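Laboratory data are not the source of any read-out in this text; all were calculated from the coordinates shown. Here the structure is a predicted model, which means the values were calculated and not measured. Cβ placement follows ideal geometry from the backbone for every residue including glycine, while neighbour counts extend to all protein chains displayed.
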Amino acid sequence: MSNSLLIYVFGAFLVSLITHYLVIDLSHKRGIFIDDHNSDLPQKLHSEPTPRIGGLGIFVSILFMAKDLKIGLYIILCLIPAFLAGFLEDLYAKISPWRRLLIMSISGGMAIYLLQTVVTDFGIIEIPYWMGIMVTMVAILGLINGTNMIDGFNGLSSGVCFLIFSTYFVISYRIGDTELAYISLVCMASILGFLVFNFPGGKIFLGDGGAYSLGFLLAIVSILLVMRNPDISPWFVFVSLIYPVWEVIFSFTRRTLIHKLSPLYPDSKHVHQLIYRNITREKNSITSLFIFPFVVLFNTLAILFYNNTWILILISVFFVTIYTLFYYIYSRRELRNKKPN
């Protein structure tokens with residue numbers, strides 16, 4: 001990768017850093033873009049008024065991925081509806097989940113049309129193109145929501161995304177896909193500028209605009225990585241993304257089948273919240289630090305076996321088993337503790 005591209009990566013970091021600093025400063029001076037710390041929403045864990053539009057700095061800084069790259073420009077164009085769906089919710093908190101889902105679908109449709117991001121080959125089975133369109137749309141929307149679901153603790157969602165993009169950079173660079181390596185680096189730089197203020201102090205939050213943007217970028221880079229490089233198993237990206245992906249699959253199943261609730265509305269029963277209440281003794285940033293090593297472990301395994309579908313499938317099954325057992329044990333423990341003696 002040329003030094004000139006690395007300069008643009010550094011530029012993305014600086015723009016992200018400066019934008020987030022200005023947002024924090026402006027928010028407190030004018031009393032705008034502030035997340036209400038007194039609200040009773042299940043994901044609220046902060047005790048002070050905090051800006052919640054970290055997505056703005058990330059969106060502005062990822063514009064650097066369009067440098068001499070048609071693919072980067074297309075990704076940005078496709079991202080706009082998903083970003084706006086979350087950003088407008090951050091500003092006004094009046095857009096229903098179903099309307100946001102509809103707006104996100106526009107981003108998914110644009111990506112399928114402009115970038116031809118249609119998944120048909122799953123390593124062990126290949127499906128028709130028309131079915132691939134539906135599967136791709138579900139995957140994109142699922143990952144956008146999965147990234148948002150793991151948001152709520154300082155550095156958790158953004159840190160997980162940073163680690164996954166690091167994995168994509170390593171494998172892209174290793175196989176010689178310099179375009180996706182550069183795009184991954186820009187995403188990492190954008191997130192890093194945000195993390196300076198978000199972790200561990202929580203001076204600014206990612207917000208829906210940031211979470212939706214990162215989820216969409218993860219989905220598109222994941223699909224492009226496999227489509228452009230046949231040597232990479234489709235299960236490589238599944239293992240890399242397995243924490244947010246299984247979070248959304250498990251949460252949707254739990255809400256609809258067990259609790260008989262809408263899968264689109266938030267609750268306080270995610271695995272990171274179980275960790276927060278039962279293991280890290282309600283320490284916000286420590287909860288993220290507890291989860292990061294597991295993400296690093298599975299992403300390292302994904303790199304080591306990036307072209308071995310069956311080993312990657314076994315790794316996926318191992319994660320799902322551990323996650324589900326952990327959730328069952330600690331949710332049952334909480335239930336027992338809540339029962340009167």
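About its Cα centre, what dipole magnitude does segment 3-338 give when the only charges are +1 on Lys and Arg Cβ and -1 on Asp and Glu Cβ, stated in debye to the nearest 20?
I would put it at about 820 debye.
Under 29 Å between C-alpha atoms is the cut-off here; go through the chain and count lysine pairs that meet it, provided they're at least eight residues apart or on different chains.
24
Sorted by average packing, counted as other Cβ atoms within 10 angstrom per residue and highest first, what order do 138-149, 192-203 take?
Peptide ranking by packing, descending: 138-149, 192-203.
Return the calculated 222 nm mean residue ellipticity for the chain, to the nearest 500 deg cm²/dmol, obtained by summing -39500 (n - 2.57) across DSSP H runs with n ≥ 4 and dividing by the residue count.
Calculated at 222 nm, the ellipticity per residue is -24000 deg cm²/dmol.
Quickly rank 58-64, 94-100 as a protection proxy: mean count of other C-beta atoms within 10 Å, highest first.
Going from most to least packed, we get 58-64, 94-100.
Could I have the simple spin-label model distance between LEU101 and VAL196, label points 7 Å from Cα toward Cβ, reported in nm to one decimal?
Rounded to a tenth, the inter-label distance reads 3.8 nm.
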